[in-house]
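The values are calculated or read from the model by the stated rules, or taken from the named source; none is laboratory data. The structure displayed is predicted, hence computed values, not measured ones. Every residue, glycine as well, gets a Cβ built from its backbone with ideal geometry; the counts of neighbours run over all protein chains shown. The area values use the complete protein model at the heavy-atom level, side chains included, leaving out ligands, DNA and RNA. Shrake-Rupley method; radii C 1.70, N 1.55, O 1.52, S 1.80 Å.
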Amino acid sequence: MRTLSNQVLPILCGVITGISSLLFTPVTFAQLDSAAEKIAEVKAASGVDSSSLAQAASLATNLEIQSDETSFDETMGIAKAKGNVEIQYQGTTIQADQAEYHQVTGDVFARGNVVIYKDGSSYTAEETIYNINTGEMQASSLRGGLVPIYYDASDIKIPTKATDMIEMTDSWFTTDDNSEPTFRIKAKRIRMYPGERVTFKNLKVYAGNTPILWLPYLSQPLNDELGYFFTPGYNSAWGAFLLNQYGFMIGDHTLAQVRFDLRSTRGVAGGIEFRSQRYRSNQNFGRLNLYYANDSAPNTNFGGGNRNTDLSSERYRINLQHRVYFPGPEKSTLYLDIDINKLSDAFLYNDFFPREFTMDPNPDNIINLVKADPRGTLSLTGRFQLNDFFQTDSRLPELALDVTRQPILGSGLFYQGYTTFGVIEENLATDFRNTTESRVNNQTNLLKMLDNGKAEVQNGDLVTVVNTDKGEESVILQRDFDETASRSLLNNLDQLLDNRSFTRFDTYHEVLYPAAIGGWLSVVPRAGIGYTKYMDVGARNVGDRDRTILHAGIDASFKVSKVYPNAISEAMGINELRHITQPYVNYSFVSADAPADGFATRIDRLTPTTRLRPLDLPLFTAVDDIQSWNIARVGMVNRLQTKRNQGTFGWLELNTFFDTYIDDPEFDRDFSNLFNNVTWAPLPWLVAQLNSQIPLLDQKTGFTEVVSNFTFMPTKNFQFSVGNYFLDDHPFFVDSNQLSVGTYTRLGDNWGFSTMHRFEATDSTLEIQQYQIHRDLAAWTASFGGILRDNRGGTNEWGVVMSFTLKAFPTVSLPIDLMPGSFVGGN
């Protein structure tokens, strides 16, 4: 949530910009009465020559004065007007009861019901001096608008030689253009220091005519990341909370933001974050974040349930993301990227930073020295396990040369490839290693007892005989015991604990020849060769291994199209149709030696997914899992395009494809699932997407996945969206049939009602419910509602949602901004 000080800031920036450009100063009637004498003094003192007067006269020829009574003094160059005065010059119009125009200086002196229209803005005042040459204005009792800002000040003082401060007294401003604004901010005194800060004395915020907030004094830097911010709220994970932040600049290069957070169920936390202003446009660099929490409930997860851990209450994070250019400080092609993330435990992000947890639950630790070139990059990477509770593959270090696609001596051939050499190791998470070691010890002891005759299998159970006070008794050590399965399990567990490390040299080089056959068939044949050498392999009983890779393939496609000029449907958004059909095939053949025989140490390996693997070897990052394959990916893209807004608009697109396996490296399939990706957007209020894969061609794949989204607004008062994720019978992932539904209903001119539900059909769980009622308050929209999350047997989350949104001011943040979710009791 952005607080009052944060929301006032953008408004004031706009006001300051307008005021600074117009340069307001106080005016008296004495100034108006002595204007002619001042002009004479200016002419005498400055020695205005005839050419200057001629220039002033030429400017005056474009100036129009209309009034009930007009006179002109040729000697002094002063035009006077009285009664319904209107002066027009280029894009500026001045209306007043009376006015004087001084030809030499370009000043217009106006008084009495003064209104100035300039650049889409209007200003009203009692007395004004406006210079048509510079656009500068001096005024008292000013009231104006810099759309969408409207303000009023009884007195304004301009900067002097001693200070550049602008001071406004008895001032108010708003973004509501109603005659009776629904909100406004008023202050006894406002002092603006351009480029630095703005201060308020006796500040009041009004909703209508009702004051809702008062501050005796407020100082706010002129930067939306500086100053004080606070976020109050409640949720079941944190209880009542108040998150506080104060930002300030260190010099002109570093933004510092201090945080002090209070959570009723977790206690006190705080820290500081530094951000380099050099990398404002790139959040991946120039950032140091330090945060510490004295957690009073470390073993409670964010959902409110208890976790089976014994965490310390001392919890912290240290994050450093930076880029250093050499030799610096300017950007260059040689730079060092640093990404360091030290956490106190594996659950810190989930408990205190849930949004970051969803984006990056296991942050990396990498230092990468890069030399960039249009032809490719050379990098030296160090990756290490700084957090032993996360499984990490380390590179200590890895040198890599990547060459982008380059022409070969104008021959029409292109080359691309890569070469890497690195010391690579996979480090297991501490908890996983401890659990696995415990299972190994348990299985080892059971098999030893069986081998030594101290245990035997009876009725399918492993039992042993122990002596008790009552004599010998049989004790079951493990039910449903299978000796073969137990020994196999022990072997697999031992492999998990093997020292997973090696030194790897890997290189691959590919030549391509793009061509067009007959002017319509596009083909790109390619051929490549690769070699991998594994040395110092840490796994038991495994020596050095090498592997040779041969790759050949071809991409081929063509397009045909037809135009239907008579296809017209206003209801479906069709203004002529063009149908484009593009069949394509990507064939890939790989012959790879298999260091896999007895070589279980694969670090860059395949992970379970529902998607097809890449067929182009430079894109295949699981280099330790490259095996021989012979695959053709066959597909067809169909597009329907129409004319809209003087351009081409994609009305419908269907991409259908599948893999046919001559040699399947994974599951001995003949065909993959059949994929269909559909996007249909005929109208702004009707959009549908459907991405599906089904085992239509080969039942060996066995699983079905369908992802669909549909948004529809059948009337101006009702909109709904439906999404579904369906997954069935995948060999690695659990089945899911998740339905999401959102609605918005307009209840008259001022009221609305919205809902959001997410339902998991596989276990009949309504995971999330959210209901909100919305009230239109002219320039504002207020919302109030509730959230409920079902955590399946754990502590359910609940919350209250309150929001106030200023719709009349889309480019400026609102004075009091309770963003949606500010007062939230659920996640």
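Looking at (1) assigned to a strand (DSSP E or B); (2) without any contact (Cβ under 8 Å) to a residue 24 or more places away in the chain; (3) among the hydroxyl-bearing types (Ser, Thr, Tyr), which is the one condition that is false for THR503?
(2)
Does the range 694-711 contain at least one residue that is modelled with pLDDT of 95 or more, among the aromatic types (Phe, Trp, Tyr) and closer than 30 Å to GLU576 by Cβ?
Yes; the residues of the range 694-711 include at least one that is modelled with pLDDT of 95 or more, among the aromatic types (Phe, Trp, Tyr) and closer than 30 Å to GLU576 by Cβ.
What pairs come out if I take residues in the range 338-359 that are touching a residue at least 60 places away in the same chain (Cβ under 8 Å) and pair them with residues that are assigned to a loop (DSSP other than H, G, I, E, B) and open to solvent by less than 40 Å² (accessible area, probe 1.4 Å) whose C-beta lies under 6 Å away, six or more apart or interchain?
Cβ pairs passing all conditions: ASP351/PHE302; PRO354/PHE302.
Run down VAL800, VAL722, VAL734 and say which single residue is aliphatic (A, V, I, L, M), out of contact with any Lys or Arg (no Cβ under 8 Å at 6 or more places or on another chain), surrounded by 15 or more Cβ atoms within 10 Å (Cβ to Cβ) and modelled with pLDDT of 90 or more.
Checking each option against the conditions leaves just VAL722.
I'd like to verify a number: residues in the range 447-460 that are over 17 Å from LEU489 (Cβ atoms) and assigned to a strand (DSSP E or B), how many?
Here the count works out to 2.
Which is without any contact (Cβ under 8 Å) to a residue 40 or more places away in the chain, within 21 Å of LEU226 (Cβ to Cβ) and of a type in the set (Lys, Arg), of ARG278, ARG263?
ARG278 is the lone residue from the list that is without any contact (Cβ under 8 Å) to a residue 40 or more places away in the chain, within 21 Å of LEU226 (Cβ to Cβ) and of a type in the set (Lys, Arg).
Out of ASP339, ASP364, I need the residue that is open to solvent by 30 Å² or more (accessible area, probe 1.4 Å), of a type in the set (Asp, Glu) and at pLDDT 95 or above. Which one?
Going through ASP339, ASP364 in turn, the sole match is ASP339.
From the list ILE185, ILE149, pick out the single residue that is among the hydrophobic types (A, V, I, L, M, F, W, C), open to solvent by less than 50 Å² (accessible area, probe 1.4 Å) and at pLDDT below 65.
When all the criteria are applied, what remains is ILE149.
What number goes with the only condition from (1) closer than 30 Å to GLY647 by Cβ; (2) outside any strand (DSSP E or B) that LEU612 does not pass?
Unmet for LEU612, out of (1) closer than 30 Å to GLY647 by Cβ; (2) outside any strand (DSSP E or B): (1).
Mind checking which strands (runs of 3 or more DSSP E) fall wholly inside the range 696-798 and carry at least 1 residues that are under 23 Å from LEU686 (Cα atoms) and not basic (Lys, Arg)?
Qualifying strands (runs of 3 or more DSSP E): 704-715, 718-728, 736-747, 751-760.
Being modelled with pLDDT of 70 or more and open to solvent by less than 40 Å² (accessible area, probe 1.4 Å): is that true of SER822 here?
For SER822, the condition - modelled with pLDDT of 70 or more and open to solvent by less than 40 Å² (accessible area, probe 1.4 Å) - is not met.
How about the range 387-407: which of its residues are open to solvent by 60 Å² or more (accessible area, probe 1.4 Å) and either within 20 Å of PHE432 (Cα to Cα) or touching a helix residue (DSSP H, G or I) at 6+ places or on another chain (Cβ under 7 Å) (or both)?
Within the range 387-407, ASP388, GLN391 meet the criteria.
Out of the residues in the range 682-714 that are of a type in the set (A, V, I, L, M, F, W, C) and in contact (Cβ under 8 Å) with a residue 40 or more places away in the chain, which is farthest from GLY635 (Cα to Cα)?
LEU683
If ILE631 passes every condition in (1) surrounded by 14 or more Cβ atoms within 10 Å (Cβ to Cβ); (2) not in a strand (DSSP E or B) but one, which one does it miss?
(2)
Here are some residues: THR300, THR254, THR210. Which one is at pLDDT below 85 and over 30 Å from THR174 (Cβ atoms)? First the steps, then the outcome.
On the way: THR254 fails: at pLDDT below 85; THR210 fails: over 30 Å from THR174 (Cβ atoms).
After applying the criteria, what remains is THR300.
Which ones in the range 465-481 are under 19 Å from ARG439 (Cβ atoms) and either open to solvent by less than 80 Å² (accessible area, probe 1.4 Å) or over 59 Å from the mean Cα position of the chain (by Cα) (or both)?
ILE476, LEU477, GLN478, PHE481 - these are the residues of the range 465-481 that are under 19 Å from ARG439 (Cβ atoms) and either open to solvent by less than 80 Å² (accessible area, probe 1.4 Å) or over 59 Å from the mean Cα position of the chain (by Cα) (or both).
Just give me the residues in the range 59-90 being in contact (Cβ under 8 Å) with a residue 24 or more places away in the chain and open to solvent by less than 60 Å² (accessible area, probe 1.4 Å), in sequence order.
LEU59, ALA60, LEU63, ILE65, SER67, MET76, GLY77, ILE78, ALA79, VAL85, ILE87, TYR89 - these are the residues of the range 59-90 that are in contact (Cβ under 8 Å) with a residue 24 or more places away in the chain and open to solvent by less than 60 Å² (accessible area, probe 1.4 Å).
Kindly provide the set of residues from the range 737-770 that are β-branched (Val, Ile, Thr), open to solvent by less than 40 Å² (accessible area, probe 1.4 Å) and under 25 Å from the mean Cα position of the chain (by Cα), ordered by number.
The answer is THR743, THR755, ILE768.
Quick grid of which residues meet (1) outside any loop (DSSP other than H, G, I, E, B); (2) modelled with pLDDT under 95; (3) under 28 Å from ASP310 (Cβ atoms):
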{"site": "ASP351", "(1), (2), (3)": "yes, yes, yes"}
{"site": "THR381", "(1), (2), (3)": "yes, no, no"}
{"site": "ASP402", "(1), (2), (3)": "yes, no, no"}
{"site": "GLY410", "(1), (2), (3)": "no, yes, no"}
{"site": "ASP431", "(1), (2), (3)": "yes, yes, yes"}
{"site": "ARG439", "(1), (2), (3)": "yes, yes, yes"}
{"site": "ASN445", "(1), (2), (3)": "yes, yes, yes"}
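So is ALA96 open to solvent by less than 20 Å² (accessible area, probe 1.4 Å), assigned to a strand (DSSP E or B) and modelled with pLDDT of 80 or more or not?
Yes; evaluated as a whole, the condition is true for this residue.
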